[in-house]
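The structure appears below as structure tokens.
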Ligand code: ADP
Ligand code: ADP
């Protein structure tokens with residue numbers, strides 16, 4: 001699914017985001033990326049989303065070379081990916097249903113298909129009967145689950161998350177990680193950037209550790 005071959009990212013101001021990063025992730029894997037602020041986690045996610053291009057090395061997503069694709073191909077690359085943010089970026093003046101439906105409306109799917117897929121996505125995050133509510137009616141854990149439903153509603157092969165539990169207490173954080181595991185069990189590759197080492201250690205998935213743009217660890221956490 002993902003193949004980094006000595007990928008480097010140097011920003012225009014000379015900052016090194018990533019330095020000769022190499023790793024592969026198979027389809028269906030679940031992995032964490034950790035590291036201090038400035039380690040390169042966001043750079044890694046932005047390269048996968050083709051928001052940035054590598055300045056050296058080779059980056060393949062589902063066999064496609066993200067350093068070589070044309071700008072016109074970028075939207076098609078992004079359709080294979082779902083993204084969950086720390087602050088979920090929900091629209092607070094629209095219902096839960098409308099928030100989750102948004103990516104499908106952008107794809108121009110027929111209304112009946114949208115309704116079917118949104119209901120399915122809400123069911124996957126245990127918010128089955130909450131579509132008509134507004135995000136403000138939900139707890140912060142439920143809001144984050146709406147963010148996850150919206151990220152998976154177009155059935156992406158890869159789900160990326162950037163500090164998805166950053167604002168949640170430990171119990172809710174563990175619950176949200178359980179939702180990611182459920183989604184992974186259905187075949188979606190999941191890659192989560194997180195600082196929460198205690199939570200990561202309990203989950204026993206593959207962990208990539210970055211330090212100043214370099215990979216310094218790859219394996220199960222100790
Ligand atoms: P975090 O530590 O939570 O990952 P950062 O402070 O590293 O957040 O980055 C927040 C945002 O600012 C990111 O979008 C990143 O690309 C951008 N950013 C970080 N460092 C710089 C920089 N030196 N110049 C411009 N933008 C930067
Ligand atoms: P993290 O997400 O782990 O905090 P980042 O990928 O944001 O790390 O940052 C890695 C390095 O790249 C840092 O030195 C940061 O300042 C730099 N950086 C990140 N984004 C930008 C940017 N847009 N412009 C310039 N430098 C950046």
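Numbers for the structure displayed
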quantity: Residue in the range 189-199 that is part of a helix (DSSP H, G or I) and more than 16 Å from ligand 1 (Cβ to nearest atom) present; calculated: yes
quantity: Residue 96 crowded, with 21+ Cβ neighbours inside 10 Å, more than 19 Å from the chain's Cα centre (by Cα) and either farther than 27 Å from residue 195 by Cα or within 16 Å of ligand 1 (Cβ to nearest atom) (or both); calculated: yes
quantity: Residue 201 in contact with a strand residue (DSSP E or B) (Cβ under 9 Å, 6 or more places away or on another chain) and either buried (at least 20 other Cβ atoms within 10 Å of the Cβ) or closer than 28 Å to residue 77 by Cβ (or both); calculated: no
quantity: Single condition residue 97 does not satisfy, out of (1) more than 15 Å from ligand 2 (Cβ to nearest atom); (2) closer than 22 Å to residue 180 by Cα; (3) modelled with pLDDT under 95; calculated: (3)
quantity: Within the range 43-73, considering residues that are in contact with a strand residue (DSSP E or B) (Cβ under 7 Å, 6 or more places away or on another chain) and within 22 Å of residue 183 (Cα to Cα), the one farthest from ligand 1 (Cβ to nearest atom); calculated: 61
quantity: Unique match (being more than 16 Å from ligand 1 (Cβ to nearest atom) and at pLDDT below 95) among 85, 23, 4, 76; calculated: 76
quantity: Selection count where residues are surrounded by 15 or more Cβ atoms within 10 Å (Cβ to Cβ) and more than 7 Å from ligand 2 (Cβ to nearest atom), scope the range 21-43; calculated: 9
quantity: Residue that is farthest from residue 18 (Cα to Cα), among those in the range 201-222 that are outside any strand (DSSP E or B) and within 16 Å of ligand 1 (Cβ to nearest atom); calculated: 212
quantity: Candidate set: the range 185-198, residues that are surrounded by 17 or more Cβ atoms within 10 Å (Cβ to Cβ) and under 13 Å from residue 32 (Cα atoms); chosen: the one nearest to ligand 2 (Cβ to nearest atom); calculated: 193
quantity: Any chance residue 90 is outside any helix (DSSP H, G or I), within 21 Å of the chain's Cα centre (by Cα) and either buried (at least 20 other Cβ atoms within 10 Å of the Cβ) or free of Cβ contacts under 8 Å to residues at least 24 places away in the same chain (or both); calculated: yes
quantity: Restricting the range 156-176 to residues that are out of contact with any strand residue (DSSP E or B) (no Cβ under 8 Å at 6 or more places or on another chain), touching a residue at least 12 places away in the same chain (Cβ under 8 Å) and more than 16 Å from ligand 2 (Cβ to nearest atom), the residue that is nearest to residue 79 (Cα to Cα); calculated: 176
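The values are calculated or read from the model by the stated rules, or taken from the named source; none is laboratory data. Because the structure is predicted, anything quoted here is derived from the model rather than measured. Glycine gets a Cβ as well: all are built from the backbone with ideal geometry, and neighbour counts include every protein chain shown.
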